[in-house]
Amino acid sequence: MLVTLFDEAGRPVQTLEGDLNIVVLPTVRATGLRYVEGAYGQDHYLVGGKVEKRPAMESVKLQGNKLTGLPFDTLIMINGQVYECGSDHAELEFDQPGVYHICVSRWPYLDWEGLYENQAL
């Protein structure tokens with residue numbers, strides 16, 4: 001049997017293959033994870049006992065140095081540095097010229113990614 005194990009937030013943790021009674025159920029009991037038959041990747045999540053595709057963050061927009069349409073309690077990563085945001089918008093500040101990689105993350109949405117180019121001062 002091939003199953004995917006999910007954590008309490010519905011994130012897929014790993015796939016597992018083996019006999020239901022010898023491998024799967026003892027692993028589920030030992031880890032406390034939930035399982036669903038089949039192999040699912042990071043583009044899926046478990047909600048209400050059913051596996052679904054993670055939704056896109058379609059409302060996020062980068063206009064100049066402003067991010068709008070953010071889900072609340074979002075993580076914004078700029079060139080690997082993580083910032084917490086509790087609002088539906090954020091004004092970004094850059095003190096050096098260059099291109100910045102921006103990633104907006106909020107489970108269960110798929111990450112939104114974009115680039116911002118800060119012109120020479």
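Every number in this text was worked out from the coordinates using simple rules, so none of it is lab data. These numbers were taken from a predicted model, which means no experiment stands behind them. Using ideal geometry, Cβ is built from the backbone for each residue, glycine included, and neighbour counts are taken over all protein chains shown.
Here are a few things to note about the model shown:
- Neighbours of Leu2 by Cβ distance under 11 Å: Lys/Arg scored +1, Asp/Glu scored -1, total -2.
- If you take all other residues with their beta carbon under 14 Å from the beta carbon of Val51, and give Lys and Arg +1 and Asp and Glu -1, the sum is +1.
- As a proxy for reagent exposure, Thr31, Thr4 were ordered by neighbouring Cβ count within 10 angstrom, fewest first; the result is Thr31, Thr4.
- Two-site label geometry, Leu25 and Leu110: point separation in nm, points 7 Å out along Cα→Cβ: 3.7
- Distance between modelled label sites at Gln96 and Lys61, nm, 7 Å Cα→Cβ extension: 3.1
- Rounded to the nearest 5, the antiparallel percentage of DSSP beta bridges internal to the stretch 36-85 is 100%.
- A straight chain from Leu2 to Val82 at 0.36 nm per residue would run longer than the Cα-Cα distance by 25.3 nm.
- FRET efficiency estimate (nearest 0.05) - Cβ-Cβ, Gln119 to Gln14, R0 30 angstrom: 0.10
- Eligible aspartates and glutamates near Lys61 by straight Cα distance, threshold 20 Å, same-chain separation 8 or greater: Asp73, Glu84, Asp88, Glu91, Glu93, Asp111, Glu113, Glu117
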